[in-house]
Ligand SMILES: C[S@@+](CC[C@H](N)C(=O)[O-])C[C@H]1O[C@@H](n2cnc3c(N)ncnc32)[C@H](O)[C@@H]1O
């Protein structure tokens, strides 16, 4: 059955040239682009950053990832970038979880389950132990891409602190967040709804709490350890990696 409302995860799939979206998502993506600018290059740059961040973590010995607000596990997502790793994808949206399970069917060492990043107990412990048997004994990659904008500062700080507390020392937090780019595009900003949170980098950094950013810092995603020349895109998303 076709969904009745657009999903940001499926809109990103559309912008990345995937095939797991519906006309309603394409219409929403088109309306947003009319109020802002074309978005395919921006999301391509974000996905390239996520690949570099995942490879940075695997180079540090991380071979298991817990992904929150995962969206659709395609287009160079975590398990495709780190094929030897165990990856548990989670999302709040039941339609996205269902689609994710279909996409991952037959894929080894991966799983897709319901999870609310603001409530770690929402992840079924048996699923966590099945897909990531060493999640609480060896360092883990905790992935939050495209998520912080959903939360106010207090919720985000508490969420990041709870994640820090839950994972073994040496774990990495891989993150990006919406900077203030849309401030100059009021029609596009209005489409994001009243609970969309953009942040200055210093404000985001303060919310990391005990997580320590790597020396690469918190920078526009295109400029985080670029492979060669950074993509020429607006600095709409910033990101980085932080360590416990
Ligand atoms: C903008 S999409 C990002 C998808 C993917 N991470 C990416 O970067 O392509 C945000 C996703 O976060 C999910 N989400 C929103 N609130 C959440 C929460 N509290 N816990 C977990 N997922 C959430 C949405 O359902 C959606 O799939």
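Values in this text are rule-based calculations from the coordinates and carry no lab data. Source: prediction; values computed, not measured. Positions of Cβ are backbone-derived with ideal geometry, glycine not excepted, and every protein chain shown enters the neighbour counts.
A few comments on the model shown:
- Leading residue by the ranking (farthest from residue 101 (Cα to Cα)) among those in region 122-141 that are free of Cβ contacts under 8 Å to residues at least 24 places away in the same chain and within 16 Å of the ligand (Cβ to nearest atom): 122
- Exactly one residue out of 225, 189 is more than 18 Å from residue 8 (Cβ to Cβ) and either surrounded by 15 or more Cβ atoms within 10 Å (Cβ to Cβ) or over 17 Å from the mean Cα position of the chain (by Cα) (or both): that is 225.
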